[in-house]
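*Asks:* Handing you this structure, nothing more for now.
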Amino acid sequence: MFTGCGTALVTPFRKDLSLDEEALRRLVRRQIAAGINFLVPCGTTGESPTLSRAEQRRVVEITIEEARGKVPVLAGAGGANTAHVIETALEFKALGADGILSVCPYYNKPSQEGLYQHYKAIAAAVSLPIILYNVPGRTGANIDPATVARLAEISNIVGVKEASGNISQMAAVANAVPARFLVLSGDDAITLPLAALGGRGVISVAANEIPAEMTLLAKNCVEGNFTAAREIHRRYFRLMEVNFIESNPIPVKAAMALMGLLEPVYRLPLVPPKAENLEKIRGVLESVGLAVQAHAAR
């Protein structure tokens, strides 16, 4: 259900900082038309820390409404309070989400046993497929491969989004888990090398800009067609890199604004990219043949 390419959806805002529901609907439709494999609302790229609980529910609800069963929806429900994560995940289940992506608890830095008990409690309370999300650069805590292997024994914990950036760790995870367990890249640029280790796809930032191309890249990776995958990877590698020239999702939203897909609006503490970085983003978009509006995002 969650193999191939899933888009870590941005959350569009209006100039008054309110949720832009119509833009979100357009973005989801664009993803589905491009053949995306699954959708991931309310993750890091969706600016979930600055969404209210009601807004998170609305973003997931709209995504599910527009997906209409055509593609699965993996809703982001994570945090440092296990009870609150369970409440949120149950709300998303009631809305019709197909699975839950749950980020490693941040700030309180639990032990490996604490991480195990956290995810075990979520899995016991929420009868949906759950994908772990390991991103120690943001959370301050790493889910060790041995802990991932323990969690893989729980039937509805079905995979991990690995965004540690540590290829050796990803290899250790891939070697430690059963074949049914999905190891997904959390970094676009690592989709290809992770596939060689047994990775089954990517939860992608770049798919916001190039959904069809990232879906084809993931398909070739999963099918072992590495020659074709390398061609796509090489063509769009600069885009994958420039999406992180500042903190995600600042660059990708700037790029999408340049493409005319949304307003370049962020909620504090995120702010627009520096002028020189915006010009780099513009240059990369033009270099890969993506249409840029002349006065957008200035």
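*Asks:* Identify all residues within segment 22-72 that are at positive phi and touching a strand residue (DSSP E or B) at 6+ places or on another chain (Cβ under 8 Å); write none if there are none. Before the answer, list the steps.
*Replies:* Of the residues in segment 22-72, the ones at positive phi are 35, 42, 47, 68-69.
Listed by number, the list holds a single entry, 42.
*Asks:* Looking for whichever is farther than 30 Å from residue 229 by Cα, open to solvent by 40 Å² or more (accessible area, probe 1.4 Å), part of a helix (DSSP H, G or I) and of a type outside the set (Lys, Arg) here; the options are 83, 89, 23. Which one fits?
*Replies:* Unique residue meeting the criteria: 83.
*Asks:* Answer yes if at least one residue in segment 95-103 is surrounded by 14 or more Cβ atoms within 10 Å (Cβ to Cβ) and in a helix (DSSP H, G or I), and no otherwise.
*Replies:* Among the residues of segment 95-103, at least one is surrounded by 14 or more Cβ atoms within 10 Å (Cβ to Cβ) and in a helix (DSSP H, G or I), which makes the answer yes.
*Asks:* Does residue 53 meet the test of being open to solvent by 60 Å² or more (accessible area, probe 1.4 Å) and in contact (Cβ under 8 Å) with a residue 40 or more places away in the chain? Outline the logic, then answer.
*Replies:* Details: open to solvent by 60 Å² or more (accessible area, probe 1.4 Å): yes; in contact (Cβ under 8 Å) with a residue 40 or more places away in the chain: no.
Taking the combined requirement at face value, the residue does not satisfy it.
*Asks:* Evaluate segment 118-128: report whether one residue or more is in contact with a strand residue (DSSP E or B) (Cβ under 6 Å, 6 or more places away or on another chain), within 20 Å of residue 164 (Cα to Cα) and among the aliphatic types (A, V, I, L, M).
*Replies:* Within segment 118-128, none of the residues are in contact with a strand residue (DSSP E or B) (Cβ under 6 Å, 6 or more places away or on another chain), within 20 Å of residue 164 (Cα to Cα) and among the aliphatic types (A, V, I, L, M).
*Asks:* Identify all residues within segment 106-136 that are farther than 30 Å from residue 65 by Cβ and touching a Leu at 6+ places or on another chain (Cβ under 9 Å); write none if there are none.
*Replies:* 115, 116, 120
*Asks:* Here's something else I'd like to know. Taking the residues in segment 195-251 that are among the acidic types (Asp, Glu) and either in a helix (DSSP H, G or I) or open to solvent by less than 30 Å² (accessible area, probe 1.4 Å) (or both) as candidates, determine which candidate is nearest to residue 267 (Cα to Cα). Step through it out loud before you land on a result.
*Replies:* Step one: list which residues in segment 195-251 are among the acidic types (Asp, Glu), which gives 209, 213, 223, 231, 241, 246.
Still in the running and either in a helix (DSSP H, G or I) or open to solvent by less than 30 Å² (accessible area, probe 1.4 Å) (or both): 209, 213, 231, 241.
Numbers: 209: 21, 213: 29, 231: 36, 241: 23 Å.
Among those residues, the one meeting the criterion is 209.
*Asks:* Do we find that residue 76 is within 25 Å of residue 143 (Cα to Cα), open to solvent by less than 60 Å² (accessible area, probe 1.4 Å) and either of a type in the set (Gly, Ala, Ser) or modelled with pLDDT under 95 (or both) in this structure?
*Replies:* Details: within 25 Å of residue 143 (Cα to Cα): yes; open to solvent by less than 60 Å² (accessible area, probe 1.4 Å): yes; either of a type in the set (Gly, Ala, Ser) or modelled with pLDDT under 95 (or both): yes.
In short, yes.
Quick grid of which residues meet (1) within 21 Å of residue 210 (Cβ to Cβ); (2) in a loop (DSSP other than H, G, I, E, B); (3) hydrophobic (A, V, I, L, M, F, W, C); (4) at pLDDT below 95:
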residue: 261; (1), (2), (3), (4): yes, yes, yes, no
residue: 271; (1), (2), (3), (4): no, yes, yes, no
residue: 279; (1), (2), (3), (4): yes, no, no, no
residue: 293; (1), (2), (3), (4): yes, yes, no, yes
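*Asks:* Right, here's the next one. Of all the residues that make up segment 267-291, how many are closer than 15 Å to residue 243 by Cβ and open to solvent by less than 40 Å² (accessible area, probe 1.4 Å)?
*Replies:* Going through segment 267-291 one residue at a time, the tally reaches 10.
*Asks:* Given the structure, is residue 267 among the basic types (Lys, Arg) and part of a helix (DSSP H, G or I)? Walk me through how you get there before you give the answer.
*Replies:* Numbers: among the basic types (Lys, Arg): yes; part of a helix (DSSP H, G or I): no.
So residue 267 does not fit the description; no.
*Asks:* Return yes when residue 47 is modelled with pLDDT of 95 or more, among the charged types (D, E, K, R), open to solvent by less than 30 Å² (accessible area, probe 1.4 Å) and over 30 Å from residue 180 (Cβ atoms) and no when it is not. Steps first, answer last, please.
*Replies:* Working: modelled with pLDDT of 95 or more: yes; among the charged types (D, E, K, R): yes; open to solvent by less than 30 Å² (accessible area, probe 1.4 Å): yes; over 30 Å from residue 180 (Cβ atoms): yes.
Here the answer is yes, as residue 47 does meet what is asked.
*Asks:* Yes or no: residue 34 small (Gly, Ala, Ser) and either open to solvent by less than 10 Å² (accessible area, probe 1.4 Å) or free of Cβ contacts under 8 Å to residues at least 12 places away in the same chain (or both)? Explain how you work it out, then say what you get.
*Replies:* Values: small (Gly, Ala, Ser): yes; either open to solvent by less than 10 Å² (accessible area, probe 1.4 Å) or free of Cβ contacts under 8 Å to residues at least 12 places away in the same chain (or both): no.
In short, no.
The values are calculated or read from the model by the stated rules, or taken from the named source; none is laboratory data. Being a predicted model, the structure only gives us computed values, none of them experimental. Methodologically, a virtual Cβ is constructed for each residue, glycine included, from the backbone with ideal geometry; neighbour enumeration extends over all protein chains shown. The accessibility values were calculated without ligands, DNA or RNA, using every heavy atom of the protein model including side chains. Shrake-Rupley method; radii C 1.70, N 1.55, O 1.52, S 1.80 Å.
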